[in-house]
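The values are calculated or read from the model by the stated rules, or taken from the named source; none is laboratory data. Here the structure is a predicted model, which is why all the values come from computation and not from measurement. Every residue, glycine among them, receives a Cβ derived from its backbone with ideal geometry; neighbour counts consider all protein chains shown. SASA here: full protein model, heavy atoms, side chains in, ligands and nucleic acids out. Shrake-Rupley method; radii C 1.70, N 1.55, O 1.52, S 1.80 Å.
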Amino acid sequence: MDIAKIRRDARTLLEQLADRLTEDQADTCQSLSRAGELAELVDVMCAILYKNKIPVTQKERELLVGVLAEYPVPVEGYDYINKRDEILAMLTVTPETD
């Protein structure tokens, strides 16, 4: 598991998704990121994307694929990381905007 890659890519993904998250969701994710709770951050971001059907760009999806691939499943206590195939399958991918 490459912790530096997870940290970098999860934070990049969080920054890119920020305009589609509620203030509470963004605050929770930022707090987890600052605390270094990377598995919790990834699980929460997946839950938010899944429950709210938030569309992502192809680049964001690729970041998420890479982050999730770093976790050998099952990961005890992280339901959404464990459902990664389901999460990735349900994502709506939108075109990149300039």
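Observations on the structure shown:
- Among the numbered conditions (1) open to solvent by less than 70 Å² (accessible area, probe 1.4 Å); (2) more than 19 Å from GLU96 (Cα to Cα); (3) touching a residue at least 24 places away in the same chain (Cβ under 8 Å), the only one that ARG7 does not meet is (1).
Here's the yes/no breakdown for (1) open to solvent by 20 Å² or more (accessible area, probe 1.4 Å); (2) more than 16 Å from LEU91 (Cα to Cα):
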| site | (1), (2) |
| --- | --- |
| MET1 | yes, yes |
| LEU17 | no, no |
| ASP27 | yes, yes |
| ALA35 | yes, yes |
| LEU41 | no, yes |
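- Members of region 74-98 found to be part of a helix (DSSP H, G or I), open to solvent by less than 90 Å² (accessible area, probe 1.4 Å) and free of Cβ contacts under 8 Å to residues at least 40 places away in the same chain, listed by number: TYR80, ASN82, ARG84, GLU86, LEU88, ALA89
- Selected residue (criterion: least open to solvent (accessible area, probe 1.4 Å)) from residues of region 43-57 that are not in a helix (DSSP H, G or I) and not β-branched (Val, Ile, Thr): PRO55
- The residue pairs whose first member lies in region 58-70 and is open to solvent by 30 Å² or more (accessible area, probe 1.4 Å), whose second member is not in a helix (DSSP H, G or I), and whose beta carbons are closer than 8 Å, counting only pairs six or more residues apart or on different chains, are GLN58/VAL93; GLN58/GLU96; LYS59/GLU96; ARG61/LEU91; ARG61/VAL93; GLU70/MET1; GLU70/ASP2.
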